[in-house]
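Q: The following block contains the structure, expressed as structure tokens.
The values are calculated or read from the model by the stated rules, or taken from the named source; none is laboratory data. Note that the structure is predicted; figures quoted are calculated from it, not measured. Cβ atoms come from the backbone with ideal geometry, glycine included; neighbour counts cover every protein chain shown.
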Amino acid sequence: MNIALILIVVALVLYVGKTKLTVEKKPEKKDLRSPSKELTHWAQRIGNYFLEKNKSDYKKTAQEIEKLKIQNIEIKGDTISIHTARPGLLIGRRGETITGLQTWLNMKVEIVEHFSWNDVLTPNDPWEY
């Protein structure tokens with residue numbers, strides 16, 4: 001190592017040792033978007049439906065819920081609105097998943113498509129070649 005570098009480090013350590021360093025802790029901000037108890041309850045019931053559907057296979061259930069890309073869940077009276085980027089997966093083949101979810105929750109389920117440009121594949125430029 002270079003001796004000059006060692007001397008600089010020693011000088012900094014001695015300087016810092018003489019001064020009092022005070023680190024002010026910032027007050028923790030309360031997360032305003034934390035879900036309510038009611039919303040957590042309904043999200044757990046939706047998760048339990050998918051767990052029952054996948055015969056208690058947690059890994060498969062987690063993958064399926066992750067594929068749905070659920071953005072938000074809103075509750076209005078007897079209707080649950082699920083905002084998702086992949087509504088076709090939530091509906092399922094011949095509507096099996098959505099009807100099963102509606103009977104499991106005993107509520108009407110409304111699907112709101114949440115569009116994201118990241119989900120769209122951009123085609124290649126035909127003039128590129």
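Q: Of all residues in the stretch 26-54 being modelled with pLDDT under 85 and among the charged types (D, E, K, R), which is surrounded by the most Cβ atoms within 10 Å (Cβ to Cβ)?
A: Taking the candidates together, the pick is GLU38.
Q: Sticking with this one: Just the residues that are farther than 19 Å from ARG45 by Cβ and in a helix (DSSP H, G or I), please, taken from the stretch 84-99.
A: Within the stretch 84-99, PRO87, GLY88, ARG93, ARG94, GLY95 qualify.
Q: Can you tell me which residues in the stretch 55-83 are outside any strand (DSSP E or B), at negative phi and surrounded by 14 or more Cβ atoms within 10 Å (Cβ to Cβ)?
A: Of everything in the stretch 55-83, those that are outside any strand (DSSP E or B), at negative phi and surrounded by 14 or more Cβ atoms within 10 Å (Cβ to Cβ) turn out to be LYS60, THR61, ALA62, GLU64, ILE65, LEU68.
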